[in-house]
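Derivation of every value follows stated rules applied to the coordinates shown; laboratory data play no part. These numbers come from a predicted model, not from an experiment. Here Cβ is always computed from backbone atoms with ideal geometry, including for glycine, and neighbour counts include all displayed protein chains.
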Amino acid sequence: MTRVDFHSKVQDKILYSCRLIRKARTANCQILVLSEDAEQASQLNQALWSFSASDFLPHVMLADPLSTQTPIIITTAFDRALPHHDVLINLSQRLPENFTQFSRVIEVVSQHEDDADSARQRFRLYQQQGIKPSHIVAAS
């Protein structure tokens, strides 16, 4: 069964995601990041290049021909076959399609009320699917 973790009250979703991605890569996980939109995907793409001087976090967009060989993939939609199903980091305000394909889903929720409201709704939807999500409040 898919493990679902909510990380709430996140001040900066991009920076927080970079940290999560680095930690997951240290554990040799492959990661797919679902962004809210193209702008957020672009911001994450840029941040991953400059996040750490000592860590190389290889990543591409899902449409890139190298996506099948790259451990970190960024997308705004599951509009094609996914090359791996290890960890899904959801930055969007929607329930990810086919989330049960993934071993783990991490929901990153900002401090904004609209983001928190949609996260509460997703939390209930996961529960309706028989999943018991955990909840972690991000450190300030």
- Message: Loop only by DSSP, 12 or fewer other Cβ within 10 Å of the Cβ. Give me the GluC sites (Glu not before Pro) in the range 48-140 that pass, ordered by residue number.
- Response: GLU97
- Amide H partners (placed H, <5 Å) of GLN111, local residues excluded: VAL10
- Item | Debye equation applied to the C-alpha atoms of the chain, log10 I(q)/I(0) at 0.12 Å⁻¹ | -0.43
- Message: At 7 Å along Cα-to-Cβ for each site, give me the label-to-label distance between ALA53 and ASP86 in nm.
- Response: 2.7
- Message: Quick one: 3J(HN,Hα) in Hz for the range 75-87, Karplus 6.51/-1.76/1.60 with θ = phi - 60°, rounded, Gly and Pro as x.
- Response: 8, 10, 7, 8, 8, 7, 4, 8, x, 8, 9, 7, 10
- Item | Interchain or long-range residues, amide H under 5 Å from LEU32's placed H | ILE73, VAL87, LEU88, ILE89
- Can you pull the one-decimal nm distance between simple spin-label points at ASP117 and LEU66, each 7 Å off the Cα toward Cβ? 4.1
- Tell me the label-point distance for the pair GLN11, LYS132, using the 7 Å Cα-to-Cβ offset, in nm and rounded to one decimal. 3.3
- From phi via Karplus (6.51, -1.76, 1.60), per-residue ³J(HN,Hα) for the range 60-65 in Hz, x at Gly/Pro: 8, 7, 4, 6, 5, x
- Along the dipole axis of the range 20-87 (charges at Cβ: +1 for Lys and Arg, -1 for Asp and Glu; origin at the Cα centre), the most positive-end residue among ALA24, ILE74, SER42 is ALA24
- So what's the net charge close to GLN127: Lys and Arg +1, Asp and Glu -1, counting the other residues with Cβ under 15 Å from its Cβ? +3
- Pop out the ³J(HN,Hα) list for the range 95-109 in order, Karplus 6.51 cos²θ - 1.76 cosθ + 1.60 with θ = phi - 60°, rounded to Hz; leave Gly and Pro as x. 5, x, 4, 6, 4, 5, 6, 9, 5, 9, 10, 10, 9, 9, 10
- Task: Mind checking the full-extension length gain between GLU97 and SER42? Use 0.36 nm per residue of separation minus the Cα-Cα distance, one decimal, nm.
- Result: 17.7 nm
